[in-house]
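Chemist: Structure below; questions to follow.
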């Protein structure tokens, strides 16, 4: 039960961080919404944040903790601290050089991470020196929500550009004037207008069946050397350069978090879980300060958010370094030496980066594909933030706590204890995540509306687009956590290659299903839901392959207690989900008509009823008991 107490410590601080994260995201939705700025910032932040999660919650700890624990046990505290200082210094050197190289090359990096933010069509350069030159270009608009026409001129004079005709063409060949579409009226925006930067923006009806836009343009005559071209963007053409700028500011977070992960590994090995779990709270506090004070004061919301990330990285690193020093494990910068232990560490880290960070790699792939649909990056971010609450409280906590527990059991030559830890990890993870997944599927709409729909920047239309993605992500929630539970069974034995091979198969699964489902749903502006569903499918494939590998090696055998309790957990979760569905149907009309505060009240009531009904069903059916919970969290 010490495992459960440690889990409670990590989960408790993580819960505080997630609650503050909810507040942060509510403020982002209120002050910014789902648009160019959020697309750019979420994409810029996702890149270093992915490495934070890989290093902090996976690859580095998976490789470092067993080696540091072995050094501490065999050679004593002094040698362990020396080993920790050398690895810290090597990590700082390698990632410092990488950061210096990456920042000026960020334009090329973002071309890979966010290709959908760049121009999709280029008509080529034309010579406007002759009067009445007519340019006819067919622009693909299938699945496009809005597009921008940018008139790019180089030369001595700016020739005038006038469109003689602009027709939308259906698959059947029927032509409809773009202006006639505008005449039908659009409740949210004009169909054709000039932006502040002088670009022509056109917005298409929802779920339209147009495939191309046919333009006939006339270039006015000028003297001298001039050239002009027309570029067409699916997203606002300012999105890509803004993404590059914000990514350059946030990239230093990668270096800080990799070093912070090292210090967290030291503390976790000696069973100090508080500060490593509490450090992310600082990021959310700094975000909230930036949103409440500096965004209203300065504007430039994207830049303020990026600088919050920059500052938070150094604050978290300083707090963890101070905690290590306070507890007698002062890590310092040295001239790194390539020792056998150092070689072993980086040898284990290589495949571990892929295997332990599989979920983040899958999310990055999904984000790359999502850049090809307007605002899809933002929809995925907001839905991801909701399901990350149970994932962060349970999945990350299990990954942090189980690895040292199983490692110590194996070092003490107690394989039965290691097996019991793994079984209890599976049991506790299903006990918490299965009902959470069902609840997120059943009441996804009120959750998104209650948490984010608090102003003119995040409306009911954003809620309707985000909620289905949350349901799709929720299908994989138990799978995401089980991956964190099963991986320590390999890592504790210093086996990172097998999870790496499994991760490769999972990434391939995710890519294939993301492309297929995105293509199928994109025409209805729901391609992002396909990406979320593909991520869930990949998570369950990962679980299946990890479990098969452990069973074949004799490292995983489901004990009688787990067999008996799985069906009780399933039935309790289904009963809770059925009750939530009936209650939401009863209040749906009132919920949709209510204001923001009242929607939050309704949502809170649904969550309380869900928790209470599940707890009652779980105890009644024997999925758990009050005595076990009291014993698990009792100190002593």
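Chemist: For each of 520, 259, 267, count neighbouring Cβ atoms within 10 Å of the residue's Cβ, then give the residues from fewest to most.
Modeler: 520, 267, 259
Chemist: Neighbouring Cβ atoms within 10 Å as the yardstick, rank 377, 270 fewest first.
Modeler: Sorted ascending by nearby Cβ count, the order is 270, 377.
Chemist: Compute log10 of I(q)/I(0) for the stretch 460-596 with the Debye formula, placing one identical point scatterer on every Cα and leaving out solvent, at q = 0.15, 0.21 Å⁻¹, to two decimals.
Modeler: Taken in order of the listed q values, log10 I(q)/I(0) reads -0.93, -1.22.
Chemist: A further question on this structure: Mind ranking 529-535, 421-427 by how tightly packed they are, going by the mean number of other C-beta atoms within 10 angstrom, highest first?
Modeler: Taking the mean over residues of other Cβ atoms within 10 Å, the ranking is 529-535, 421-427.
Chemist: Given the alpha-carbon gyration tensor of the stretch 565-636, what are the semi-axes of its equivalent ellipsoid in whole angstrom, ordered largest first, with each equal to the square root of 5 times an eigenvalue?
Modeler: Its equivalent ellipsoid spans semi-axes of 31, 16, 6 Å.
Chemist: Where in the stretch 283-304 is the amide nitrogen less than 20 Å from a point lying 7 Å along the Cα-to-Cβ axis of residue 103?
Modeler: The answer is 302-304.
Chemist: Related question: Suppose each label sits 7 Å from its Cα in the direction of the beta carbon; what would the residue 551-residue 564 distance come out to in nanometres?
Modeler: 2.2
Chemist: How would you order 247-254, 333-340, 509-516 from highest to lowest mean count of nearby Cβ atoms within 10 Å?
Modeler: Most protected by this proxy first, the peptides run 247-254, 509-516, 333-340.
Each value in this text was obtained by applying a stated rule to the coordinates, not by laboratory testing. Since this is a predicted model, take the numbers as computed values, not measurements. Cβ sites come from the backbone with ideal geometry, for glycine too, and all protein chains shown count toward neighbours.
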